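Here is the structure we will look at, set down as structure tokens.
The values are calculated or read from the model by the stated rules, or taken from the named source; none is laboratory data. Keep in mind that what you see is a predicted model, and the values were worked out from it rather than measured. All Cβ positions, glycine included, derive from the backbone under ideal geometry; neighbour counts span all protein chains shown.
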Amino acid sequence: MSKVSLVLTVLGNDKPGLVEAIASVVADQGANWLESRMAHLAGQFAGILRVEVERDQAASLVTALEGLDQQGLESIIHREAMLLETPQGPTLRLDLVGQDRPGIVREISKVLATHCVNVERFQSEQSRAAGTGQTLFRASAQLRLPAETDESSLCQALEQVAADMMVDLEFE
């Protein structure tokens, strides 16, 4: 028997039991939950997960996953998720903190795209500074650099764009 990989994205009003509902469907259909990212954003539950199932069970799993709409979850199922070769370049962890302003993500992502850097994980949030109450922007990312990337030129470009922010770059 061959296996099929599916990627599922879900979105709905956050409430207790949503992850359990997804996990039950996956387990009941004999699928294996391989990896996931889930978050609470502005009262919404957002998640993405990858599961693997025997090819002859895939249609049944897809039908069961589509039934999650009765739990209030909108879902998109990507069948036969492509498993690409493991990336070969070095990874870089990027952390930044600074006064919030429009366009920060656009500016940082433009530098990354210019250097052909792949964003493997990105998380950001707004918060209030303890002493001043100013709105801060915080972000962390795991980046995969192409093997031929000039790491010092990338670091300089990121530091220039984020000149008014604290930038921490760490190669892993």
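One table, with the values for the structure above:
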{"read-out": "Residues of the range 157-172 satisfying the condition of being touching a helix residue (DSSP H, G or I) at 6+ places or on another chain (Cβ under 9 Å) and either in a strand (DSSP E or B) or of a type outside the set (A, V, I, L, M) (or both)", "value": "Gln160, Met165, Val167, Leu169, Phe171"}
{"read-out": "Residue that is farthest from Gly98 (Cα to Cα), among those in the range 125-156 that are assigned to a strand (DSSP E or B) and among the charged types (D, E, K, R)", "value": "Arg144"}
{"read-out": "Residue within the range 56-79 that is in a loop (DSSP other than H, G, I, E, B) and either modelled with pLDDT under 90 or surrounded by 16 or more Cβ atoms within 10 Å (Cβ to Cβ) (or both) present", "value": "yes"}
{"read-out": "Long-range neighbours under 9 Å by Cβ, at least six apart or interchain, first residue of a type in the set (S, T, N, Q) within the range 144-164, second in a helix (DSSP H, G or I) and surrounded by 12 or more Cβ atoms within 10 Å (Cβ to Cβ)", "value": "Gln160/Val111"}
{"read-out": "Among (1) loosely packed, with under 11 Cβ neighbours inside 10 Å; (2) part of a helix (DSSP H, G or I) - the single one Glu107 does not satisfy", "value": "(1)"}
{"read-out": "The range 1-33 - residue that is outside any loop (DSSP other than H, G, I, E, B) and acidic (Asp, Glu) and, of those, farthest from Ala58 (Cα to Cα)", "value": "Glu20"}
{"read-out": "Odd one out for Gly72 among (1) without any contact (Cβ under 8 Å) to a residue 40 or more places away in the chain; (2) more than 21 Å from Glu170 (Cβ to Cβ); (3) small (Gly, Ala, Ser)", "value": "(1)"}
{"read-out": "Failed item in (1) of a type outside the set (S, T, N, Q); (2) closer than 20 Å to Ser2 by Cα; (3) part of a helix (DSSP H, G or I), with Arg50 passing the rest", "value": "(3)"}
